[in-house]
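Read-outs: derived from the displayed coordinates by stated rules, not from any lab. All values derive from a computational prediction rather than experimental measurement. We place every Cβ from the backbone using ideal geometry, glycine too, and count neighbours over all the protein chains shown.
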Amino acid sequence: MTLLRSGTDSHPVDPRFRTASAGVREVLNEDAFQRMIAVERKRTERSRIPFLLMLLDVGSYEVSEKNGKTLGSVVPALLSSTRETDAIGWYKDGVVVGVVFTGLAADDKTSAKNSILSIILARVSTTLRDKLTLEQFNRISISFHFYPDDWDYDRPGRPSNPALYPDLTSRDNNRRPLLGIKRSMDVGVSTAVLVLCAPIFLIIAIAVKASSKGPVFFKQQRVGQYGRSFTFLKFRSMHVGNDSSAHKEYVTRLIAGTAERLSVAGNNQGVYKLTNDRRVTGVGKFLRRTSLDELPQLLNVLEGSMSLVGPRPAIPYEVAAYDTWHRRRLLEVKPGITGSWQVNGRSRVRFDEMVRLDLQYARSWSPWMDLMILMRTPWAVFRGDGAH
């Protein structure tokens, strides 16, 4: 089995790796290395060839002259024990050194990954033992992180590996004042709407309870930012005990780009959504058409698992069907009640276009943009395009 590929040819590489002269290669600073990780993620999204991030950490100890000497010996050792195609840099300046191993075999089997880890760990450990004292070697903590990282869809509460997204963490730190404003808007607006709409809540609850057997609220596990699971709330619009296999089958084809538009009254073009769904109750059809079934999500906003504006939160079986680049919509920002997709096409656009709208929002969002989307949402609801 070919576990590693050369950056210059497609022939198998000896497990000992092709090394390079320490005087030729560059050790990237923290900003450059984090950008390198982001670039490699995008390259993997296109090529489907994974990469491995190795981190050597002395951060569990206080910064000292000994740590400086240890890291001063680690970097040359890494330069001499890795390939020309591997990138070395500071994951965290003065504390954590990282190596990005590129050109790994596109095999996501656990046995293949374990083989790669064993080869790399043995090579690096041997070199470090030769270059460092025993005390210095024992100071180092080594961790490995594959990309694409494995998301456990049977346990959706398990988040993605944050070590693979240092650029997003840095960006959020830079946006901290804006994120504070966004959170203040979320709490203020959702509280005001919940108070003002309390009578509407009561009327809807009575209608849902009277129209069919079952609870007033529909609760479902959804995937939030960084793959974290949370309990998603809506007014129940379906009969209880229904089979979700038809929806699962359709969204799988939708994500793969093979789903057809389904016809609906008043829309000649059709929508990318199940229509005439027998699982939906009579009251549920009205709630969905007017988006009133979404109101309980204001409680999710108050809780902090959602925002007023952001990508729609995904169902675990939807995420299981995602291509690697689709995952970014779950990483960039919190999921929201409304967003660019809702006010710019809703179920009339293909899934890939919806993801691009979400990513465009994540890259350029601001409190002003959120306010504009919130102001456009009532008109989108009034039109009812794509709401079924």
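Observations, loosely collected:
- Listed residue pairs exceeding 22 Å between alpha carbons, taken from LYS234/LYS273; LYS219/LYS285; LYS92/LYS334: LYS92/LYS334
- Each of HIS326, HIS247 was scored by other Cβ atoms within 10 Å of its Cβ. Arranged with the fewest first, they read HIS247, HIS326.
- Label sites at LEU202 and LEU178, each approximated as a point 7 angstrom past Cα along Cα to Cβ, lie 4.2 nm apart.
- Computed lengthening from PHE217 to VAL187, 0.36 nm per intervening residue step minus Cα-Cα distance: 8.7 nm
- Residue order, fewest to most surrounding Cβ atoms within 10 angstrom, among THR324, THR191: THR191, THR324
- For TYR91, net neighbour charge (Lys/Arg +1, Asp/Glu -1) across residues whose Cβ lies under 10 Å away: -2
- Residues MET369 and VAL27, FRET efficiency given R0 of 45 Å [Cβ-Cβ distance, rounded to 0.05]: 0.70
- Kirkwood estimate for region 175-383, i.e. one over the average of 1/r between Cα atoms, Å: 17.8 Å
- The residues TYR322, TYR91, when put in order of fewest to most other Cβ atoms within 10 Å, stand as TYR322, TYR91.
- The label point for HIS239 and the one for ARG129, both projected 7 Å from the Cα toward the Cβ, are 6.7 nm apart.
- Cα→Cβ-extended label distance, 7 Å offset, between GLU260 and LEU117, nm: 4.6 nm
- Sum of side-chain charges, SER237 neighbourhood, beta-carbon under 11 Å (Lys, Arg +1; Asp, Glu -1): +3
- Electrostatic bookkeeping for PHE201 treats Lys and Arg as +1 and Asp and Glu as -1; over the other residues with beta carbon under 14 Å from its beta carbon, the sum is +1.
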